[in-house]
Structure formats: C-alpha cells, structure tokens
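These notes concern the structure reproduced below.
The values are calculated or read from the model by the stated rules, or taken from the named source; none is laboratory data. Not measured: the values here are computed from a predicted model. Cβ placement follows ideal geometry from the backbone for every residue including glycine, while neighbour counts extend to all protein chains displayed.
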Amino acid sequence: YVRGIFKNLHGWFINCLRYLFCCFQDRAGQFFSSGHTNNWAVLVCTSRFWFNYRHVANTLSVYRSVKRLGIPDSHIVLMLADDMACNHRNPKPATVFSHKNMELNVYGDDVEVDYRGYEVTVENFLRILTGRLPPSTPRSKRLLSDDRSNILIYLTGHGGNGFLKFQDSEEISNVELADAFEQMWQKRRYNELLFIIDTCQGASMYERFYSPNLMALASSQVGEDSLSHQPDLAIGVHLMDRYTFYLLEFLEDIHPASKTNMNDLFKVCPKSQCVSTPGHRTDLFLRDPGSVLITDFFGSVRKVELTMETINLTDPIEQLESAESGELQKEMHTYADQLPVSEIIHQKPKQKDWHPPDGFILGLWTLILLVFFQTYGVKHLKHIF
Amino acid sequence: MAAPLTLLLLVAVTVRAALFRSSLSELISERVEVVSPLTAWKRVIEGLALLDLGVSPYSGDVFHETPLTIYLFHFLVDYAEVTFMVSVAGSSVVVTYLILFQFRKQKFALEADRYPLDCLELIRSPKEMYYIPLKVAMFYLLNPFTILSCVAKSTCGLNNAIIALFILSTIKGNVLLSAIFLSLATYQSIYPLTLCAPALLYLMQRQYIPVNFRRASFWWFIVQYAFMYLGSLFVIICLSFFLLGSWDYLPSVYGFILSVPDLTPNIGLFWYFFAEMFEHFRLFFLCVFQINVFFYTIPLSIKLKEHPVFLIFMQLAVISIFKSYPTVGDISLYMAFLPVWSHLHRFLRNIFLVSCVLLACSALFPVLWHLWIYAGSANSNFYYAITLLFNVAQILLVSDYFYAFLRREHHLTYGLYLKRKDGSEATLVLK
C-alpha cells in the first residue's frame, strides 16, 4: 500500500516537474525577448533663469519617475542648467513643485544633479553621448552604457525648427544630434534608445535620425509651440509644460511590473489636452512598439525568476503541450506579486508637520494651572488689582 | 496712571508697527548689535523648518533656543510681530506696576523721622514719585534700543519679559512665583542665576527675617527658596526633554552660552579676545570671562543688603555688560530702571561723559561695521574699539549710579552738609 502511494507521489511529482518545465521554457522565451540588460537615462534641462522654472520641473519629474521605477542614480545623468530650488526668487526654498497647490515636490532630498549650471553645454552633452570625456571626468558624469543598454534621453527647454537652445547662448542642431546617435551606434553604446523632447517644434529634432533602434517622441510638430500647463500664483511662474505634465500623470500609474507598452505612451496628451500635436517616430525601431514595455526604458526591471530546473538554452525554444490539468498546482510567484504596487504608483510625499507630543502639552499646562491656583487660590485677588 | 500708560503703549505700538512694515525691518534684523546667535529670529525659523523636515533643530550650529521657545513659536510663528510687541508692552506694563507697588510700600512718614533734618530734600516726595512709573514705561518702550530689538524680532524681548515678571513677583512678595520665574529666566539664559541673591534679600526683608548667618530662619528661608528654584528648574528641564525626546538641547543651549564657540562680532567683549586666543589658553580665559559675570554678586550683595532693589538693577547691568552674547535689548532692560533713581542725579558725576559716549558709540557701530565689512578700509580693531568704549561707558554709568547711591546713603546717615570738626565745609572722597 505504501509503495503504491509512493509510486503515485512519484508520478505526480514527475508531472509537476514537466508542467513547471514547460512553463519555465515558455517564460524563458519571454525572459530574453527584450534584449537589454541595463538601463540608463540622460535627462537634460537646457534653460536657465527663474521664468524657466517649468523646464527644471519637467526634468525633475521625469527623474523622479525614472528613479521610482528602479534606475539608480549611478545610471542617471541629470543635467540642470539652473538651480530653481535655491533660487532667491523661490518663495518656497528647497522645493520644486510640479503641480499647483504644491502637491508634489519633485526636488525632495535625494536628487543628484550631475551637471549643473554652466556645465550644461552642447559640448558636454555631446561628449556624454559619445563617451569622449577627459580621463579626469568622474563616473557620475559619464554615460557608461554598453551594447545591451536601453537609454532614455529626455530634453526640454526652448527650441525651434531644427535646433534646441542651450543656456540662452548656444544651440544644438538636429543634424548634430543625429550624428551623435550614429556615433553611439557605431561604438555600440546602446541597444535601444528612446528620445523624448518637450520643446516648441520638437518634432524637427528627430527628423534627421538615421541610426537603427531609435524611437522618438516630441511634444509638438514643426510650426507648433509647446505650451505650458498652469501658472502657480504663489510661486509666480508656470510650473510644468503640458506634455510632460500629462506624461508624468501617465507615468505615476506605472510600476515595475506594468505591462503597458509604447502605444499607450504615444497616446499621452492628445491635441485636446496639449493644444499642440505630439508626434512620434518609430520607423527606425526594429521591434513592434506594441511589444515594447514602458519599463524597458523608464525602469530598470531586472528579470529574476527563481527556478530549480535546468533550462536547455541551446535548443530553440518550442511551445510544449500544456501539462495535465488538475493535480497539484504548485504555487507560482510572479514578479508583480512581490512588489507593494500600491506604494509604488502615485507616490505623493506625505507632508508631515511636527507637533509637540501630547504628554508635553499636558504636563506643561497642568503645571501652569497648578501654579496659577497656588498663587491666586490662596491669596486674595484684591492684592493684585 | 492707566490713561497716560495706554497712550504711551499706543505710541510705542504705532512706532513698532510702522517700522515692521517698512523696508528697515530686514536691515535691522541683520544687524549684529541687535541680534546675536542666541536670539536671532532667522535662526528660530530655521529651527522650526528643520523640525518640520524631521530633523532635530539642534543638529548643527543653527538653533540655540530652548525647547519651550520651540513650543511657543510653533504656534505663534505666523504672529511673531504681534507676539514681540505684546511681550514688550507686557514687560513695560509689568515694570510700571512693580515700580508703583514698590513706591506704595514705602512709608514716607516713617522714614522722615530717621534722618537728620537737613536731609529732607534728599528724600523723595510722593509728588516727584508720582510720574516715575510712567517715566520707566517710557524709558523702556520708547528707547531706540528696545524698538530696534523688537523690530528685529529678537527673542531678547521675551527674556526681558520673563525677568520683568520675576522682579514683579519678587516685589509682590510671592516666593513661589519668584522662584518659578527666576528658574524660567535661568533656563532661557544662564546668567539670571545671579539674581537669586537680590531676590532672596528682598523676600527676607519683606518677611522680616534678619540677614544673619547664625540665624536658623535665614538658612531655612534660603533652603526653601533654593528648593523651589531648583525644583522648578528641574521640572522645566525634564519637560523640555519630553518635547523632543532627547537631551540634545543641553549642549546646544547651555554649552553654547558657556563655551562661546561662535565668534560673530557683537557689542560684547568675548569675540575679539577669543578670536585671537591660542587654543592652549582658551579654557582658562573662558573661565575667567564667565566668572567675571558671577563674581560681582557676593560683594555687591554684602554691600547692598539693605537695598535689594538697587542690587537687582546693578546685577542686571552687570549681566548685560559681561554676558557672552549681549545685544542692545539687554541694555534697554536695565536702562529702563534709571528713572527710579532720578533722585540720585545731583550726585552723579559723569553723566554728561557717559551719555555722550553712549550716543557716539551707538552711532559709530554701523559706520565702523560698514567700513570693516563692506568697504574693507577698516578692520576688526576699529569695531572692537567702539565695543570696548561702549562697554566702558556702560560700566562707568553703572558705577556712577552706585557711587551716587552710596553717597546718598552716607548723607542720609550723616547729614547733607558735612562739616569738619572746626566747622568748615568738608568734601567727600571716594576711596
């Protein structure tokens, strides 16, 4: 009888393993489909002066999303051309708000700016992209990507037809940018690159791209202006640009296990909300945008699956017959289950004001009342007046 | 008395409100003569902002106020101007009333019999004394130093208010309140500790306990008072611990006052010395300078044991001159008491010199600061010279009043027109 049970168990065990094995094979297929192993982000704000607050807020919003979704500071090159948080005209120092009513402070206390102030120049930007920096440049100021890196490049500022203005004194043209990307491709510095630009006539900047695996989004077409979202009366300037505002709203719903793809990103900020027509370019991209996850560029999703099985990777991955149903379903953990999703999306920092502890208040006022009654209960009040 | 006082208060409040709204308020709140690292309003706001960010305000060298001040300003930070005006007005009212009560207590007729006949002109008549409380209020409210200190929102105004309340409760004879306010004043800055002695003397005088070392009642009273004082100090310190849950504030507040790490120039004597002091001698000179504040208590209280109110005045003056971070707000407190001794005017010898020097120094402070810091054509010696001169003038003022007081006492005992044995006019020499 015992041997019968043992045989049953054994058979059941083999079936389970086969089921698991084919599941693993299936998922192994998905595992290696995207082709990248690390993520980088280059976020650039190119304009200075207090009235360009919104460009810094744009960049910091994207920085915040990218960091929240997992890209570490060592893989983010953040370039801000001016310091808005500590600007003398900022009525709320040490903050940069991205939403009126000061709901979201994107500056926080762990922002690492790699290039600041006058270091944000066209030359530095191009040197970062191509990797041609002097040997003394520290690691935090370098884009150390390889041929398995997915890079997100976000530019914002003032632009025109075919150029983007840096620091009010120089400009980068779309031809230069396209050539820089070609250099990156030749030097195998990226696997796939997503280029987002939020400026006036932004679509002109991606017109000249000719390197493979580039996907580009812009906030407005040639001949259109990108508009800012809303002024804040307390701070006195416009806080965000429309496109990045809606992009931020879209990104707040993304968590590292989201399955949203690029087609949803292209729908962000339609003309009714943005006034300008956002554009995108996917012809140079080898994969279908519908199969590209948002987290492929905006997050740093490490694909980790725990398995006890060996997977034969030399054979082509085939779809096996689905296993016998019933039996015992071993508990499978998927990636999303392990994340506290509700805490990762819609992160709003809790503004906690300090209050004195209740015990202290109680103690203090008890003492004051005691002293009061001691002096005025015993003595007559007419001695005072 | 109430109507002129109200009028005075209205005028004072108007002047301060006008200055608060003008552009001068920011200029004044940055002047080093008016604010010190202990009392600056900017540091209070910084400390409260640090608290809102979840950081202890005592980390770093920014905030040196006591936790009870944190508690007070946590709720009043938006109404700061009103708070300071109320504290200044309150302290002036308190001081007025305390002078009033002090005078009502004085039994004029009884005293007249004790003194030789020709001294009658030395004794104050009630008619003269009638306007003195008002003059005291005026001296405090309309003193440019007080106005500057209030407009700069320096917490010195609060300290002065507590000291004024302490003096009021002492003069009213309320031992418990006096001990409590004195412990509050000591808790705010350590130096009012020396006011223990005059308070004890006054309260003992009021309760007819003779000041004699051999009497048991003397020691018993001292024990009682010390118990109340130390007990309330202990309670306040423990309560401050419970506000923030840590003892951080002790080195930040008291360690800061006693060890003087911040050498920003002010109108005191410490900064220049310690800026050029070798580290080797720093502790020694620190002890010397700090003992200097406490040192005058015992000799003065021995000499002035019959006159504790004058002793309070002297003690306040000594504290304001020799404390580690004095500001003009401290000076205005003891200057407010000057009209109380207006009957000493005939014996003051240096009043012209002192007033000229004080006025000139007050005018020269900003000039030499500008020359040193902004124009670069002077250096710290210039500013310290004026500081020294200012303090010398204050010391001269205080010692002059002391001399006048002693001389009046002498005349009250021996008669106004002194004659030598052969009948010629004698002169009095201070040795």
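Here are some notes:
- Just one of the numbered conditions (1) surrounded by fewer than 16 Cβ atoms within 10 Å (Cβ to Cβ); (2) under 24 Å from B:Q188 (Cβ atoms) is not true of B:L27: (2).
- Criterion violated by B:S342 - all others in (1) at pLDDT 90 or above; (2) among the small types (G, A, S); (3) surrounded by 12 or more Cβ atoms within 10 Å (Cβ to Cβ); (4) out of contact with any Phe, Trp or Tyr (no Cβ under 9 Å at 6 or more places or on another chain) satisfied: (1)
- Residue among B:L203, B:L233, B:L177 that alone is under 22 Å from B:D330 (Cβ atoms), touching a Ser or Thr at 6+ places or on another chain (Cβ under 7 Å) and of a type outside the set (F, W, Y): B:L233
- Residue match in the stretch B:319-327 (condition: farther than 24 Å from B:A137 by Cα and either surrounded by fewer than 19 Cβ atoms within 10 Å (Cβ to Cβ) or small (G, A, S) (or both)): yes
- Selected residue (only one of B:L389, B:L416, B:L371 is more than 23 Å from the chain's Cα centre (by Cα), assigned to a helix (DSSP H, G or I) and surrounded by fewer than 18 Cβ atoms within 10 Å (Cβ to Cβ)): B:L371
- Residues that are among the aliphatic types (A, V, I, L, M) and under 30 Å from B:I28 (Cα atoms) within the stretch B:149-181 comprise B:V151, B:A152, B:L158, B:A161, B:I162, B:I163, B:A164, B:L165, B:I167, listed in sequence order.
- Spans of helices (runs of 4 or more DSSP H) in the stretch B:123-225 with at least 3 residues farther than 21 Å from A:Q374 by Cβ and either within 14 Å of another protein chain (Cβ to nearest Cβ) or in contact (Cβ under 8 Å) with a residue 60 or more places away in the chain (or both): B:132-141, B:144-151, B:156-172, B:196-206
- Residue in the stretch B:51-73 that is within 11 Å of chain A (Cβ to nearest Cβ) and either among the charged types (D, E, K, R) or farther than 20 Å from A:F360 by Cα (or both) present: yes
- In the stretch B:237-262, residue nearest to the other protein chains (Cβ to nearest Cβ) [restricted to those that are within 23 Å of B:Y325 (Cα to Cα), in a helix (DSSP H, G or I) and not hydroxyl-bearing (S, T, Y)]: B:I237
- Of the residues in the stretch B:360-368, none is on the phi > 0 side of the Ramachandran plot and over 22 Å from the mean Cα position of the chain (by Cα).
- Entirely in the stretch A:283-385, the helices (runs of 4 or more DSSP H) that have 3 or more residues that are within 14 Å of another protein chain (Cβ to nearest Cβ) and modelled with pLDDT of 70 or more: A:358-378
- Residue within the stretch A:116-131 that is under 15 Å from A:C45 (Cα atoms), touching a helix residue (DSSP H, G or I) at 6+ places or on another chain (Cβ under 7 Å) and in a loop (DSSP other than H, G, I, E, B) present: no
- Any hit, the stretch B:1-18, residues being exposed (fewer than 14 other Cβ atoms within 10 Å of the Cβ), over 22 Å from the mean Cα position of the chain (by Cα) and within 14 Å of another protein chain (Cβ to nearest Cβ): yes
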